[in-house]
Amino acid sequence: MSSNVEEKPNSTTERLREEYRKHVQSQISHDLVDTIDSLEHHLDHLHHLCHQLSLAKNQVTNSASETKQTINNVFDTFLSSITETVNNRRKQLLDEVHKVEEEAVNPLDQCVGVVDTRVKETEARIVQGRRLQQHPGVLARDTVLRFQEEAAAMTSLPEVPALCAVASVSVEFPANPSLTQEVQELVQEAGRVSRMGPVQITNIVEQPGALLVSWEEVDEDVSDDGIEFCLQLSNAGATDPNTAAFQTAYVGPDYSYLMRDLKASESYLLRVASRREGSTMFGPWSLVQSALTNVPHFRWKRGGCGWSVADDGRLATKVTSDTEVLHSDGPLLKSGSSVLFRVVSGGGGMSDEGVGLTCQPVTGPEQLLLSGTLFLSAQGCVFLDGVSRVTRLPVIQNKSQVSFAVEKVSSTKVRVYIESQEKQVTYEWSVPNASEGLYFVATFGEPRWKISVH
């Protein structure tokens, strides 16, 4: 009995030891798996960094190679042009010298011919006179008199111009600075190598069917006086800057631009360049940025009996004379965004017709002059919460463009910028909730009106 009692603790101890060993082994295996997973994640990060470094190196080497080629092309063209210009100018000056020489020498040659003839005639008369001297015994008085008359007739001298009256050809080149110095200074100032393009895209904000693109100059020491920018975007879906078809979206002095009418969820490539006053060409392009907007474009609500909606909701056409307010397809205008109304056709609107914003849908045009609305009539009057404002804007007519830009001031207040035909007014407007969107609306009576929204 005592032997069995002693073996039981030993068996329990062995079992506990075995369980502990298995637990330790399991923990080691688990730790090993975690360590391997961590190393694999770390390896993925390293591969990603390698890829980034490869892209960075390619960007440096490719841009440097393109820049070298540009420098070579520019100076090769410059040298060719300068050589051609120098040769043409040299030939022009030599031709001018030749012309002056011919014009001056020809009369002198003619004069030389006359003098040579006179010399020969005079020499011949002298010879004749000396022959007469050698035969004085046979000289007749009449012969001597005739000789004297002929000799007297030859004593007049032809006109020969004085040296001060004939050409003395010369050429003048600039002495201070010399022509060579001018060209050298011009060449020394030609070109400027930048580590990056002088202007770079700094921010891209998604807007409904649009992108708000901002840029800055890299060189802060350069004045922005007289500077102009060119923003280009590629065709939708482009991913390779080398094959993308770029088109100019904006040219002007502003440091931002809202590109409208873009396809949602489609990628675009963007780049910007600048030029100074007096320059005819834009400088190097910025780094190409890829961007897209996932926010659907603005659209009108379908189903209104007085309006027909087309162009994927952008274009509304008045089809009846019924007075009805056309609403956006929901509270689409958020703070930080803007809506642009384009009058495709129309004109001659009444005081109760126009475009505007509302906090809630309205049932009729009369409600556009009540609280909770900001309305711009076709005659240019602005009504804020039903109160007419002093400032008037241009009338809304055919081809007019009116924009409303909304900026959040507080949780219950927004600031609205209304721009029409390059005239702008600003109002602060109390709304129930500035974080919620606003409806944009339009109301016109005659079927001639077509309004697109962007």
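A compact table of results
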read-out	value
Among residues of the range 277-316, those that are more than 26 Å from Met259 (Cβ to Cβ) and touching a Ser or Thr at 6+ places or on another chain (Cβ under 6 Å), counted	2
Any hit, the range 83-97, residues being surrounded by 10 or more Cβ atoms within 10 Å (Cβ to Cβ) and either on the phi > 0 side of the Ramachandran plot or hydroxyl-bearing (Ser, Thr, Tyr) (or both)	yes
Filter result (surrounded by fewer than 16 Cβ atoms within 10 Å (Cβ to Cβ) and in a loop (DSSP other than H, G, I, E, B)) within the range 243-272	Thr243, Ala245, Pro253, Asp254, Asp261, Lys263, Ala264, Ser265, Glu266, Ser267
Test: residue in the range 332-352 that is buried (at least 18 other Cβ atoms within 10 Å of the Cβ) and on the phi > 0 side of the Ramachandran plot	yes
Any hit, the range 403-423, residues being under 17 Å from Asp352 (Cα atoms), part of a loop (DSSP other than H, G, I, E, B) and either outside the structural domain of Arg342 (by TED's automatic domain parsing) or not β-branched (Val, Ile, Thr) (or both)	no
Breaking point among (1) closer than 27 Å to Tyr257 by Cβ; (2) in contact (Cβ under 8 Å) with a residue 60 or more places away in the chain; (3) assigned to a loop (DSSP other than H, G, I, E, B), for Val362	(1)
Unique match (being at pLDDT 90 or above and within 30 Å of Val193 (Cβ to Cβ)) among Thr70, Thr77	Thr77
Test: residue in the range 144-165 that is in contact (Cβ under 8 Å) with a residue 60 or more places away in the chain and among the hydroxyl-bearing types (Ser, Thr, Tyr)	no
Exclusive hit being among the polar types (S, T, N, Q) and over 24 Å from Pro296 (Cα atoms), set Ser403, Ser411, Ser435, Ser452	Ser411
Residues that are among the β-branched types (Val, Ile, Thr) and farther than 20 Å from Gln367 by Cα, drawn from the range 291-326	Thr293, Val295, Val309, Thr317, Val319, Thr320
Checking Pro107 against (1) of a type outside the set (Gly, Ala, Ser); (2) farther than 29 Å from Glu159 by Cα; (3) over 60 Å from the mean Cα position of the chain (by Cα); (4) surrounded by 10 or more Cβ atoms within 10 Å (Cβ to Cβ), the condition it does not meet	(2)
Filter pass, Asp240 being more than 18 Å from the chain's Cα centre (by Cα) and either of a type outside the set (A, V, I, L, M, F, W, C) or not in a loop (DSSP other than H, G, I, E, B) (or both)	yes
Test: residue in the range 361-374 that is over 36 Å from the mean Cα position of the chain (by Cα), hydrophobic (A, V, I, L, M, F, W, C), assigned by TED's automatic domain parsing to the domain that holds Leu438 and at pLDDT 95 or above	yes
Residue in the range 248-264 that is more than 30 Å from Gly226 (Cβ to Cβ), free of Cβ contacts under 8 Å to residues at least 24 places away in the same chain and not acidic (Asp, Glu) present	no
Given (1) without any contact (Cβ under 8 Å) to a residue 40 or more places away in the chain; (2) loosely packed, with under 11 Cβ neighbours inside 10 Å; (3) not aliphatic (A, V, I, L, M), number of the condition Thr70 does not satisfy	(2)
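The values are calculated or read from the model by the stated rules, or taken from the named source; none is laboratory data. All values reported here derive from a predicted model rather than from experimental measurement. Note that we place each Cβ from the backbone using ideal geometry, even for glycine, and neighbour counts take in every protein chain shown.
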